[in-house]
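Enquirer: Can you read through this structure? Questions will come right after.
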Amino acid sequence: MSKIQLTGRIFLTFNIKTKSGLHIGGSDEGISIGGVDKTVIRDSLTNQPYIPGSSLRGKIRSLTEKYTGADQNKRIGVSTIHTCTDKDAYQQCDICQIYGVPGEAGFSQPTRLIARDVQMSDASAEELRNLRTDLPFTEMKTEVAIDRVTSAASPRQMERVPAGVVFGRAEMVYSLYSGSGCDSATDLKRFKTVITGLQLLEDDYLGGLGSRGSGKVELASIEVKVKSKEKYDTSTPCHPNGGYANLQALVNDYSALNGKVANALSIANGE
Ligand SMILES: [Zn+2]
């Protein structure tokens, strides 16, 4: 079998706007800090809340698993994810190919999708500074939990990034490969799964406390660029002028977008 080699990469960049308060828990989750029971994760240099790439990617994976009915059979921390245990199934599995399998599976091809951490936009950070929010860049939301047995009410303080905040630019990088069981045209077809995952995310929530209304997000100003292995110093835009205003605009144009990506990478049209 021929060696695996990179065909090219798709760079998906966008802004993420919070439509409700956003709570992505920090590593100190569970420890009360300054009266806050649930704090958000912050960048250690800027002290601003950010969206970890792993949260974004993990959420899209999980939603896609449930959407496709993939067997969620592997326990990782507090969540359960899908992982193929059989090599033939793995070869055919969009989820494991895109998002990867644990190293111990022993048949891992390169994970196709990576997601970078997303910082708060300068404009939003400035706006929140001027608003003098409860805590730097965030608001506190008090929730009252009722003990079902004793009926005792215990208020809890949740920290959230307020609605209307823009994080960005977010960047997701999707790699296409050929050789050694990989096929670029199949990888391009699989890219649609990533877009569907982002649609599922908009209809669901990011971070915690989603069942209580937190974490509604919307993508905006989406751009898609491609670098082929042959011309890796050149990045080819595949979106219309000005990019896509929102995810629906990209989905509506997917056929044209797909054709442009295929053309830029000199591979068969993935559709
Ligand atoms: Zn799988």
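The values are calculated or read from the model by the stated rules, or taken from the named source; none is laboratory data. All values reported here derive from a predicted model rather than from experimental measurement. Neighbour counts are summed over all protein chains in view; Cβ atoms, including those assigned to glycine, are modelled from backbone coordinates with ideal geometry.
Enquirer: Every residue in the stretch 49-75 that is charged (D, E, K, R) and under 30 Å from P136 (Cα atoms), please.
Expert: The first filter runs over the stretch 49-75 and keeps only residues charged (D, E, K, R), leaving 57, 59, 61, 65-66, 71, 74-75.
R57, K59, listed by residue number.
Enquirer: Here's something else I'd like to know. Where residues in the stretch 66-85 are near the ligand (Cβ under 9 Å from one of its atoms) and of a type outside the set (G, A, S), which of them is surrounded by the most Cβ atoms within 10 Å (Cβ to Cβ)?
Expert: Narrowing the stretch 66-85 to residues near the ligand (Cβ under 9 Å from one of its atoms): 70-71, 82-85.
Right, trim to of a type outside the set (G, A, S) and you get 71, 82-85.
On the way: D71: 13, H82: 21, T83: 23, C84: 21, T85: 13.
Per the criteria, the residue is T83.
Enquirer: Could you list all residues from the stretch 87-118 that are free of Cβ contacts under 8 Å to residues at least 12 places away in the same chain, assigned to a helix (DSSP H, G or I) and more than 10 Å from the ligand (Cβ to nearest atom)?
Expert: D88, G103, E104
Enquirer: Kindly indicate whether Y174 is out of contact with any Gly (no Cβ under 6 Å at 6 or more places or on another chain) and at pLDDT 95 or above.
Expert: yes
Enquirer: Cβ-Cβ under 8 Å, sequence separation 6+ or interchain: first residue in the stretch 189-210 and under 28 Å from K38 (Cβ atoms) and at pLDDT 95 or above, partner assigned to a helix (DSSP H, G or I) and among the basic types (K, R). Which pairs?
Expert: These pairs meet every condition: G197/R61; L201/K59; D204/K59; L206/K59.
Enquirer: Okay, next question. Just checking, how many residues over the stretch 236-271 are part of a loop (DSSP other than H, G, I, E, B), modelled with pLDDT of 95 or more and farther than 23 Å from I16 by Cα?
Expert: Number of matching residues: 1.
Enquirer: Only one of these conditions is not met by K192: (1) under 21 Å from T13 (Cα atoms); (2) of a type in the set (D, E, K, R); (3) not in a helix (DSSP H, G or I). Which number is it?
Expert: Tallying (1) under 21 Å from T13 (Cα atoms); (2) of a type in the set (D, E, K, R); (3) not in a helix (DSSP H, G or I), K192 fails exactly one: (3).
Enquirer: How about the stretch 135-179: which of its residues are part of a loop (DSSP other than H, G, I, E, B) and among the small types (G, A, S)?
Expert: Passing the criteria: S151, A152, A163, G164.
Enquirer: Could you say whether any residue in the stretch 40-57 is at negative phi, within 16 Å of the ligand (Cβ to nearest atom), crowded, with 16+ Cβ neighbours inside 10 Å and not hydroxyl-bearing (S, T, Y)?
Expert: For the stretch 40-57, residues at negative phi, within 16 Å of the ligand (Cβ to nearest atom), crowded, with 16+ Cβ neighbours inside 10 Å and not hydroxyl-bearing (S, T, Y): present.
Enquirer: While we're on this one: Sort through V118, V144 and tell me the only one that's of a type in the set (V, I, T), modelled with pLDDT under 90, over 30 Å from K3 (Cα atoms) and in contact with a Lys or Arg (Cβ under 8 Å, 6 or more places away or on another chain).
Expert: Numbers: V118 fails: modelled with pLDDT under 90.
Exactly one of V118, V144 is of a type in the set (V, I, T), modelled with pLDDT under 90, over 30 Å from K3 (Cα atoms) and in contact with a Lys or Arg (Cβ under 8 Å, 6 or more places away or on another chain), namely V144.
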